[in-house]
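Here is the structure we will look at, set down as structure tokens.
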Amino acid sequence: MSTEDPVKLMKQQVGTAAAARVQSGSIVGLGTGSTTAFAIQALGDRLKSGDLKDIKGVPTSFQAIVLARQNHIPLVSLDEIDHIDVAIDGADEVDPQKNLIKGGGAAHTQEKIVDSLADLFIVVVDGGKLVDRLGSTFLLPVEVVPMAVTPVMRAIEKLGGKPELRMGVKKAGPVVTDNGNLVVDVKFDSIDNPAELEKTLNNIPGVLENGIFAGVANVVLVGEIIDGKPTVREV
Ligand code: 5RP
């Protein structure tokens with residue numbers, strides 16, 4: 001992967017920094033997205049060099065499965081383990097309370113399952129993802145069972161949201177998730193109480209999961225370029 005683009009450089013630095021925190025023998029939740037991809041690659045590099053031994057990965061998406069295989073990280077399912085030591089995952093927005101919006105890659109349902117089970121959930125983002133209030137820059141993804149998409153969109157409108165069905169790129173028709181569902185991206189003018197909105201949305205029949213992760217993140221690592229040099233700081 002090229003590291004000339006500053007955003008890519010920040011993602012690489014922060015992904016590598018998160019991978020450096022993983023200890024031998026750990027069960028590791030493997031998130032989804034371009035930042036986590038650098039973390040998975042860095043875990044693979046540490047395994048290859050012998051710096052890290054005996055880890056097992058729990059993937060959050062088909063993308064994570066493919067990257068783990070490419071980087072020779074053995075995978076396990078949730079049926080085979082009784083805990084996850086650490087999960088590393090990206091985010092689309094992070095507020096000052098470490099609440100997140102996720103789902104830019106339509107993988108937030110499996111991500112929430114894995115990230116919530118981890119003893120330590122490390123979020124990896126570049127500086128552009130930090131916001132004062134969730135919903136400021138990113139639409140909120142909601143995974144919906146296909147037959148329910150119309151009533152779910154109506155219910156979301158009643159809550160004050162403006163929903164739009166996510167359409168595929170280089171694929172005709174809507175995005176279909178790894179779970180066989182659709183994604184509705186919702187604009188809310190203001191998300192004042194992320195934890196409450198997370199529960200309210202999940203209560204609509206037909207909603208599988210939404211992209212608010214309230215109170216799940218333990219550590220947020222932020223990649224930034226300061227004075228032309230890539231740095232990582234912990235929030
Ligand atoms: C996928 C996600 C990603 O973690 C999120 O979209 C961030 O991705 P990236 O690191 O590529 O910016 O939630 O569903």
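The values are calculated or read from the model by the stated rules, or taken from the named source; none is laboratory data. Treat the numbers as computed from the prediction; the structure is a model and nothing was measured. We place every Cβ from the backbone using ideal geometry, glycine too, and count neighbours over all the protein chains shown. Just so you know, the surface numbers come from the protein's heavy atoms only, side chains and all, with ligands and any DNA or RNA stripped out. Shrake-Rupley method; radii C 1.70, N 1.55, O 1.52, S 1.80 Å.
Counting only protein heavy atoms and using a 1.4 Å probe, what share of the accessible area of segment 47-166 belongs to carbon plus sulfur, as a whole percent?
54
Say we join alpha carbon atoms closer than 10 Å with springs in a Gaussian network model of the chain; which of Val14, Val66, Val216 then has the biggest fluctuation?
Largest GNM mean-square fluctuation: Val66.
So what is the calculated 222 nm ellipticity per residue for the chain, using -39500 (n - 2.57) for each DSSP H run with n of 4 or more, over all residues, to the nearest 500 deg cm²/dmol?
Per the formula, -9000 deg cm²/dmol.
Please report Rg over Rh for the chain, where both radii come from the alpha carbon positions and Rh follows the Kirkwood definition.
Ratio value, two decimals: 0.97.
In a shell of Cβ-Cβ distance under 14 Å around Gly160, excluding Gly160 itself, what net charge do Lys and Arg (+1) and Asp and Glu (-1) give?
0
Compute a Gaussian network model of the chain, connecting alpha carbons closer than 10 Å, and tell me which residue from Asn99, Asn181, Asn193 fluctuates the most.
Largest GNM mean-square fluctuation: Asn193.
Loop only per DSSP, at most 11 neighbouring Cβ atoms within 10 Å: give me the GluC sites (Glu not before Pro) in segment 1-106, ordered by residue number.
Glu4
Between beta-carbons, use under 15 Å as the cut-off and find the net charge around Glu198, counting Lys and Arg +1, Asp and Glu -1.
-4
For every other residue with a beta carbon closer than 9 angstrom to the beta carbon of Gly29, add +1 if it is Lys or Arg and -1 if Asp or Glu, then tell me the sum.
-4
What value does segment 12-81 have for Rg/Rh, both radii from Cα atoms and Rh as Kirkwood defines it?
With Rh from the inverse mean 1/r over Cα pairs, Rg/Rh is 0.92.
Please report, in cubic angstrom per residue, the volume enclosed by the convex hull of the alpha-carbon atoms of segment 140-206.
89
Using a Gaussian network model of the chain whose springs link C-alpha atoms within less than 10 Å, name the residue from Lys102, Lys170, Lys187 with the highest mean-square fluctuation.
Its mean-square fluctuation being the largest, the pick is Lys170.
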